[in-house]
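Below is one structure, written out as C-alpha cells; the observations come after it.
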Amino acid sequence: MRPLIGLADVADDHPDSDVDEDDPRPLESALGRDDRVFRGLLRTGGLTVLTIMVLVGVFLLYKGGSALRSAGWSFFSVSSWQPDAGHGHFGIAGVLLGTVLIALVAICIAVPLATGTALYISEYAPRRLKQTLISLVDLMAAVPSVVYGLWGFFLLQPDVLVHGAEGKGLPRWLATYFGWVPFLKVDGYQPRDPLATPTVLTSSTLIAGVVVAMMVTPIICSIMREVFSQAPVGEREGAFALGATRWGMIRSVVLPFGKGGMIGGAMLGLGRAMGETIAVYMIISPLYAIQPHILQSGASSVSALIALQYGAATPFGTSALMAAGLALFLLTLVVNFGASAIVARSRSGAATG
C-alpha cells in the first residue's frame with residue numbers, strides 16, 4: 001500500500017518550500033452565481049450609502065460656502081444670529097452649545113433607563129412576556145417626534161416638571177437645593193420665594209432634554225438588549241456554578257461583555273439626540289446666546305435654528321443656515337463613527353463581526 005505523504009515530508013523534500021506545518025491550510029470555496037449577485041448587491045448598497053453621505057456634505061459645503069467665507073472663524077465663536085448684518089453678527093457658538101447640552105441631558109437620563117430596561121428584558125423577563133416588551137420598545141422608537149413634542153409641551157412641562165405636586169416641580173427643587181452648581185443656577189430667580197413665577201423654568205434645556213431622552217431611549221435599549229443577549233452561555237453557567245447570584249452573574253459576565261456595546265449605543269443615541277428638530281423646536285424658547293444654565297428658560301439647537309429661520313431667510317441667510325447644517329452634519333458623523341469604532345473593538349462587536 002502506498003504510504004501517505006504529509007506536509008512535513010513535503011517540506012523536507014523541498015527545503016525552499018513556504019509550507020509550514022504550523023500554518024493553517026487556507027480554505028477557499030468557489031462562489032456560485034447567487035453568492036456573487038448577493039455580494040455585488042451588498043457592495044453596491046454600501047457604496048451608495050457612502051456616496052450619498054459624501055454628496056450631502058458637498059452640497060452643504062457648496063451652499064454654505066459664501067457664509068463661511070464671509071464669517072470666517074467667527075462663525076464658531078459668535079453667538080448672535082443676524083446673518084444679513086454681515087461679518088461678526090452671526091455664528092453658531094450659542095446654538096452649538098445648546099445642541100450639546102440638550103443631547104447630554106438626554107443621554108444622562110436615557111442611558112440608565114435603557115440599561116435597566118435592556119437588562120430586565122434579556123435577563124429577568126419571563127419568556128412569554130419578553131417578546132411583548134421587545135415589541136413595545138420597538139413601537140416607542142416608531143412614534144413620530146411631533147407626538148413626543150406635543151406630550152412634552154402640554155403634559156410634561158406644565159403638569160409634571162414645572163408645577164408638579166403642590167407646585168414644587170423638579171426644576172424648582174433642583175434650583176432650590178443645587179442652585180450653587182453653576183449649570184443649575186437660574187439668574188434672577190429666588191426659588192424659596194412663594195411668589196416667584198415659575199415661567200423662568202419653562203422652555204428650558206432640561207425639559208427639552210427629557211423629551212429627547214424619551215425618544216432615544218428605545219434606540220439605546222435595543223442595542224444594549226441585543227448585546228446582552230450575546231453574552232457567552234459558558235461564562236454564564238460558570239458564574240452560576242461558582243455560586244454567583246443572578247445579579248452577580250450580570251456584574252461579572254454580562255456587563256463586562258457588553259461594555260463596548262453599551263458605550264456604542266449611548267454614543268449612537270447621542271448622535272440621534274443632536275439632530276432632533278421638531279420636539280426641541282416645540283419645547284424651547286429660542287435664545288441665540290451662550291446660555292449654560294439648563295434650568296433657565298431659553299435655549300436653542302442647530303436643528304431648531306434651521307427650522308425656525310429657514311422660511312423667512314434671505315439668500316445669504318439660507319447660506320448661513322446651510323453652514324450651520326454642515327457643522328451639525330460633521331458633528332453627528334464624528335459621534336456615530338466613534339460609536340461604530342467602539343462597538344467593533346469590543347468583545348460583543350467582535351462576536352457579531
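The values are calculated or read from the model by the stated rules, or taken from the named source; none is laboratory data. What you see is a predicted model; the values in this text were computed from it and never measured. Backbone-built Cβ (ideal geometry, glycine too); neighbour counts: all protein chains shown.
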Among the residues of segment 296-312, count how many are without any contact (Cβ under 8 Å) to a residue 60 or more places away in the chain and either out of contact with any Gly (no Cβ under 8 Å at 6 or more places or on another chain) or not in a helix (DSSP H, G or I) (or both). 5
Taking interchain pairs and intrachain pairs at least six residues apart, which have beta carbon atoms under 9 angstrom, with the first residue in segment 110-134 and in contact (Cβ under 8 Å) with a residue 24 or more places away in the chain and in a helix (DSSP H, G or I) and the second hydroxyl-bearing (Ser, Thr, Tyr) and surrounded by 16 or more Cβ atoms within 10 Å (Cβ to Cβ)? ALA110/THR217; VAL111/THR217; LEU113/THR217; ALA114/THR217; ALA114/SER222; THR117/THR217; ALA118/SER222; ILE134/SER222
Would you confirm whether any residue within segment 29-47 is part of a helix (DSSP H, G or I), touching a helix residue (DSSP H, G or I) at 6+ places or on another chain (Cβ under 7 Å) and either buried (at least 18 other Cβ atoms within 10 Å of the Cβ) or not β-branched (Val, Ile, Thr) (or both)? no
Tally, over segment 122-131, of residues that are surrounded by 12 or more Cβ atoms within 10 Å (Cβ to Cβ) and either within 20 Å of the chain's Cα centre (by Cα) or among the polar types (S, T, N, Q) (or both): 1
Given (1) out of contact with any strand residue (DSSP E or B) (no Cβ under 9 Å at 6 or more places or on another chain); (2) at pLDDT below 90; (3) closer than 26 Å to ALA304 by Cβ, identify the lone condition not met by VAL200. (1)
Is it the case, given these coordinates, that GLY65 is in contact (Cβ under 8 Å) with a residue 60 or more places away in the chain and either buried (at least 19 other Cβ atoms within 10 Å of the Cβ) or touching a helix residue (DSSP H, G or I) at 6+ places or on another chain (Cβ under 7 Å) (or both)? no
Give the residue that is surrounded by the most Cβ atoms within 10 Å (Cβ to Cβ), with candidates limited to residues of segment 178-220 that are assigned to a helix (DSSP H, G or I) and over 21 Å from the mean Cα position of the chain (by Cα). LEU201
